[in-house]
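*Asks:* Okay, here's the structure, questions in a sec.
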Amino acid sequence: MVAKFYVNGVDVSSSVDWSHFSICTMGGKNYKPTSIQYNNPYTICYFEDGTKVVSKCTEGEKFNPEYGVMSCITKYLYGTRSQFMKTIKKGYDQEVARKIKQTKIEKKKSKK
């Protein structure tokens, strides 16, 4: 499958050098695991820089390799699961604050 790249609705795929593009690389760092091991309930990912990240499914949860790898990559990107959860909460808090602000603006407009 060939990726398509659109700018303002125009397909510019042929003018883009795709040889250096990867969803797994940002800032020259490769976030794709070089090696993955599954040992139910653990998923272990090794990365290019030698980092080893271990993910364990919670008790009562069915082992899922896909979730394990996603969890390892997330831990690798954020350092810890708690840092990732703080990011999620921050985004959620921003959305709630935006909705509250929008509601206040709409109430002010309706009073006029």
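*Asks:* Look at region 95-112 and say how many of its residues are among the polar types (S, T, N, Q) and surrounded by 10 or more Cβ atoms within 10 Å (Cβ to Cβ).
*Replies:* First, pick out the residues of region 95-112 that are among the polar types (S, T, N, Q): 102-103, 110.
Narrowing further to those that are surrounded by 10 or more Cβ atoms within 10 Å (Cβ to Cβ): 102-103.
Number satisfying all stated conditions: 2.
*Asks:* Would it be correct to say that Gly79 is at pLDDT 85 or above and over 25 Å from Lys29 (Cβ atoms)? Please lay out each step first, then the result.
*Replies:* On the way: at pLDDT 85 or above: yes; over 25 Å from Lys29 (Cβ atoms): no.
No.
*Asks:* Hey, another quick one. Select from region 68-94 the residues that are under 10 Å from the mean Cα position of the chain (by Cα) and of a type in the set (A, V, I, L, M, F, W, C) and write down the one among them that is farthest from Ser35 (Cα to Cα).
*Replies:* Phe84
The values are calculated or read from the model by the stated rules, or taken from the named source; none is laboratory data. Since the structure is predicted, the reported quantities are computational estimates derived from the model, not experimental observations. Glycine gets a Cβ as well: all are built from the backbone with ideal geometry, and neighbour counts include every protein chain shown.
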